[in-house]
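Below you'll find the structure, written out as C-alpha cells, and then a few comments.
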Amino acid sequence: MSSNISIPHRLPLLVVSGGVLLPGSSMRIPVNTPRNMNMVKSRILRHNTLSSTVIGVVPKDPESVKDDLSSLHPIGTAAVVVQVTGTNWPKPAYSLLVTGLCRFGLESIVQESPYPVAVVNQLDKLPGEDNESDSAGLGDIADVFREQANALVELLDVTIPVVKKLKRLLDSLPVARLPDIFTAIIKASYNEKIKVLDAVDVEARFRKTLPLLERQIEGLKLLRQTKQGHLNTKDPHKNKRVIDFKKELRKLQRNFNENENEVDEIAELEQKLKSACLPEHALLAATKELKRLKKMPTALPEYAITRTYLELMTELPWSKSSKDVLDISKARHDLDEDHYGLEKLKKRVIEYLAVRQLKNTLKGPILCFVGPPGVGKTSVGRSIAQTLGRTFHRISLGGCCDQSDIRGHRRTYIGSMPGRIIHGLKLVGTNNPVFLLDEIDKLGKSLQGDPASALLEVLDPEQNNTFTDHYLNVPFDLSQVLFIATANSISTIPAPLLDRMEVIHVPGYTQEEKIEIAMHHLISKQLKEHGLSAEQLQIPQDTVKLTISRYTREAGVRKLERKLGAICRAVAVKVAESHPKTVQDSEEKKDLLQIKKPDQGNDVLEMSHPPDMPIVIDELALKDILGPLIYESEMSERLSQPGVAVGLAWTAMGGEIMFVEATRMDGDGRLTLTGQLGDVMKESARLALNWVRSHAVQCGIETKPGTDLMENTDIHVHFPAGAVGKDGPSAGVTIVAVLVSIFTGRCVRSDVAMTGELTLRGLVLPVGGIKEKVLAAHRAGIKKVIIPKRNEKDLVEVPQNIQKDIEFSLAKRLEDVLQQAFEGGFPSLKEATATISQNSKL
Ligand code: ADP
C-alpha cells in the first residue's frame, strides 16, 4: 500500500491569508471567510466519502485586501484534514487541524463559488513515497542541515516528550523532508516561508532554509546565555528576554503538540483490538497493520490512514449479534398494529418469516417491495426489524453509480473509505441487522464499474459469507444480514438483481384507505412528533378527507403526512404561545388563526389558566393553515371544448391522469407532437392518426369526397407536463379520441378516462398498471373508465368501493372506445365494427 499514492486531480481550496502550510507539518487554521466556511460546511462536514478530507491549502498575501481569487499564491499544499473543531452557536465558528502532504501548482480555478475548486498539478512526492536516493545528490548541504537541526534539538529540553519526538523524527525521516518540517516550527516570516514553499527543487529548499535554521539557533543561544546570566542579575531587560525564551520554547513545542497523543492511541487501539473478538483471519491482518503503525512516524499521512483502518476493524461487529425473536403471531400483530391494509404485503412477509423460523436460514430470495413513494415500503421494513428484535439500517441506493459505493475503495488513496455495507454494519453494531436497500431501481452505472454486480455479490447467499470490501480487505460474513429492497418500478432494476428478488407490488391507496391510515396512524404519529396530544388537537375525518382530495394528489400518503405535520406545527405554536396566558389572551390568539375552539366563555375563569380544550381543525382553519386549495376539480372545465381527452398513465409515482390536447390549423399535412413523450408514444400517435384517416367517413368527419383528412391541415398533439415522462404506448386510444374530437368538433365526455394500446387495424391491446390507473381516475373524480377487454382480469385487484363508484367499459376495438367516449356515440361506426370484425383474421 505504500506505492502509487497520489492526490486527487481536483482539490477544493482553503485560502489562508498570511499562513503557509508546509508538507509534513500540522497547522490549526481558523475558518473565518465565507468561502472557507462554505468549504468546511459542504465539503468536510457533510460528505464523509472519498477524499473529501483532502484539500488544497493556498496562501494569500496578508497585505492584499482584495477578496477575489486573483491574489492567490500559485503554489499550495495538499493537506489532509485531521480534525474539525468548532461550534454552531451563537454562530458557526470552526477551526481545522490539517497536515500538509505535498506541494502542488495551481493550474486553473474550475469553480469559484460557493467555494473554490482548482485543477492542480502535484509537484513533489507524498511523505512515505520518497526514498533515500532522492537525497543522494544533495551532498554537503544536507549533512550540514542535519547537523544544525541536531544542534537545535540539543538546545531544547529533551525530557519534554515533544522534543524527544522531534529528535526521533530527525533520525527517522529522509533528510529531504527536514527543511519543510523545520521551517514550520522555527520562527520565520510569511515571506520567508513562501520562499521555502516555492522552492520545488530540494537543493534550493535546503539553501533557503539553512540560514533560517541558523538564525533560530543563534537566537536561542543568545536567550539561553541571558537566562543563565539571569541567575545573578536583576536587570529587568534581561528578565523580559527570559520570558521571551520561555515563550519561544513553548511555541516550538506547541508546533509538535498536535501529535502528542500517539503513544496512548496505539495502546488504546491494541486494547480495543483485543476485546473486539475478531475472527482469526481479521485478527491476523489487524495485528500486522498495528505493527506497521507502531513503527510509523505520526506525520505520515499513512499513519492516519492505518489508524482509521484499525479503528474500523475494532468497531465492526465481527461476532456481535442481536438475539432473534421469532414469534409469528407477534410479528403478525406488530405488522397489523403499525400498518393499515397492505394485506398482500403483510401476508407475504409473514410467510417469509415463518419459513425462516422453520428452516432457520436466510437463504432464499430477497424480498423487494415495489410501489409508488409513500405507500409504506420503508416503514414495513422497519417494522420487520422491530418485530425480529434486530437493528435497522437504510441504505439509499438512489444515484449510486460507482461500485466502490458498495464495495469500498482500496486503501491506496488518501481519504478512501469502506463501502456502504461495511459502513452500515459499523453504524448498527450488530452483524445481523435488517438492511433496507432503498430505491434499488435507481442504481446508476458509470466508468467506475457497475454497482449492481457488487450488490449481486452482497445478496448472493452462496458468496456473501465471504464478502470482501476493498477497503477492509478481509472477508466479512454477511450471511446473517436480512436484506430487503424497495423500488418504485421494476423496469429499471438490472435483470440479474431482479432474478434474486421476489417482487411484492404495493399499489397506491384509495381515498378511504388513506382516511383510515390518517385517522389511525398518521395523526397520532404527527401529534407525538410535535409534542402534542389528542387533548390539544383534533383533526376530524371530514378535514382529513378535504386534505386528501384538495391538498394532495398522490398514490401514497407521504404528502398527506406532511400536510398533517404542517397542521400540528401551526397548532404547536399556538399551544406554546397561549399556555401561560389567561383566557382572554388565548381567545385573541384563537381569533388570529381562526381556529375554532369549543366555547370556554366563563368569566370566572378569566384570571386562571384555561382548561386545555382541544383545538378542532375545521375547513376554515385548514385553509388558514395550508393556504388555498391546491387541486380544484378541473375536469369539466378543461373538457368543455373539442380536442381534449383524459388518458391514464402509469408512472413510477403511481397512476396519473393526463389531459391529451390537440389543435388543428392550416398547413401541409404535418403531425407535430410536443410534451414529455418517448419514441413509442410518437409511433402510437402516427398509428392513431392513420386509423382516423382511414375511418374518417365512419366517424362522421366531413371531408370532400376523394380528399384526405390531412390535406391543407396540420395537427398538433400535446401531452401536458405533469403527465411525467411516459414511454408506454398506453395512450394510443386517447390520441384517437382527441383526433376524432378535433376533426368532428364534438367534445369527449368530461367524466371519462381511458387507456389502451392500439394496432393499425384498430384492435385495443392490454396495458399494465390498471389498478394504479383506476385509483388515479378515482382520485380525479372520473366516473367512467375505458380499458382494454383483455385487462378485465385485472379488475379483481381494484377495491370494491371503487368499483362501486366507477363504471368500466371494456373495449376490444377502437370503435368501442369511441362509442363510449362520446356522448351519443357514432351510429355509422357501429356498422363498420361489425364488418371489420367479420373480416378480421386477428
Ligand atoms: P415508502 O418507503 O413507500 O416511500 P414510507 O414507508 O416512507 O413510504 O411511508 C411514508 C409514511 O406513511 C410513513 O410515515 C409510514 O408510516 C406511513 N404509512 C404508509 N403506509 C401506511 C399504512 N398502510 N399504514 C400506516 N402508515 C402508513
When the range 504-529 is checked residue by residue, the ones that are under 24 Å from residue 650 (Cα atoms), assigned to a helix (DSSP H, G or I) and within 12 Å of the ligand (Cβ to nearest atom) are 513, 514, 515, 517
Filtering the range 793-831 down to residues that are under 17 Å from residue 753 (Cβ atoms) and of a type in the set (Asp, Glu) yields 794, 805, 807, 816, 823
Sole miss for residue 419 among (1) in contact with a Lys or Arg (Cβ under 7 Å, 6 or more places away or on another chain); (2) surrounded by fewer than 23 Cβ atoms within 10 Å (Cβ to Cβ); (3) modelled with pLDDT of 90 or more is condition (2)
Of the residues in the range 659-688 that are of a type in the set (A, V, I, L, M) and more than 21 Å from residue 753 (Cβ to Cβ), the one that is nearest to the chain's Cα centre (by Cα) is 671
Residue count, the range 102-155, condition surrounded by 13 or more Cβ atoms within 10 Å (Cβ to Cβ), within 17 Å of residue 208 (Cβ to Cβ) and either at pLDDT 80 or above or touching a Leu at 6+ places or on another chain (Cβ under 9 Å) (or both), comes to 11
In the range 416-431, anything closer than 11 Å to residue 406 by Cβ and either among the hydroxyl-bearing types (Ser, Thr, Tyr) or in a loop (DSSP other than H, G, I, E, B) (or both) is listed as 418, 419
In the range 508-544, residues that are in contact (Cβ under 8 Å) with a residue 24 or more places away in the chain and among the small types (Gly, Ala, Ser) total 4
Expected output for the range 492-507 (first residue within 15 Å of residue 443 (Cα to Cα), partner acidic (Asp, Glu) and within 16 Å of the ligand (Cβ to nearest atom), Cβ below 8 Å, 6+ apart or cross-chain) is 492/441; 493/441
Per the filter on the range 462-479, residues in a loop (DSSP other than H, G, I, E, B) and crowded, with 16+ Cβ neighbours inside 10 Å are 469, 470, 471, 472, 473, 474, 478, 479
Those residues of the range 530-550 which are within 16 Å of the ligand (Cβ to nearest atom), of a type outside the set (A, V, I, L, M, F, W, C) and in contact with a Leu (Cβ under 8 Å, 6 or more places away or on another chain) amount to 547
Scanning the range 322-351 residue by residue, those over 20 Å from residue 366 (Cα atoms) and either buried (at least 19 other Cβ atoms within 10 Å of the Cβ) or within 16 Å of the ligand (Cβ to nearest atom) (or both) turn out to be 333, 334, 336, 337, 338, 339, 340, 341
I'd like to check something: does the range 358-369 contain any residue that is modelled with pLDDT under 90, assigned to a strand (DSSP E or B) and more than 10 Å from the ligand (Cβ to nearest atom)?
yes
| message | I'd like to check something: does the range 573-591 contain any residue that is at pLDDT 85 or above, within 37 Å of the chain's Cα centre (by Cα) and of a type in the set (Lys, Arg)? | response | no
- [ ] Could you tell me whether the range 698-712 includes any residue that is of a type outside the set (Asp, Glu) and at pLDDT 90 or above?
- [x] no
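Can you tell me which of 381, 376, 389 is more than 30 Å from residue 168 (Cα to Cα), surrounded by fewer than 15 Cβ atoms within 10 Å (Cβ to Cβ) and either at pLDDT 90 or above or within 16 Å of the ligand (Cβ to nearest atom) (or both)?
Numbers: 381 fails: surrounded by fewer than 15 Cβ atoms within 10 Å (Cβ to Cβ); 376 fails: surrounded by fewer than 15 Cβ atoms within 10 Å (Cβ to Cβ).
Step by step, each of 381, 376, 389 is checked, and only 389 is more than 30 Å from residue 168 (Cα to Cα), surrounded by fewer than 15 Cβ atoms within 10 Å (Cβ to Cβ) and either at pLDDT 90 or above or within 16 Å of the ligand (Cβ to nearest atom) (or both).
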Over the range 485-497, the set of residues surrounded by fewer than 17 Cβ atoms within 10 Å (Cβ to Cβ) and either charged (D, E, K, R) or more than 16 Å from the ligand (Cβ to nearest atom) (or both) is 491, 492, 495, 496
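For (1) farther than 25 Å from residue 806 by Cβ; (2) of a type in the set (D, E, K, R); (3) assigned to a strand (DSSP E or B), each residue gets a yes or a no:
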site	(1), (2), (3)
655	no, no, yes
659	no, no, yes
665	yes, no, yes
683	yes, yes, no
691	yes, no, no
708	yes, yes, no
734	no, no, no
760	yes, no, no
767	no, no, no
Scanning the range 365-381 for residues that are in contact with a Lys or Arg (Cβ under 8 Å, 6 or more places away or on another chain) and not aliphatic (A, V, I, L, M) gives 365, 369, 371, 373, 374, 378, 381
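The values are calculated or read from the model by the stated rules, or taken from the named source; none is laboratory data. Worth saying up front: this structure is predicted, and the values here are computed from it rather than measured. All Cβ positions, even for glycine, are placed from backbone atoms using ideal geometry, and neighbour counts span all protein chains on display.
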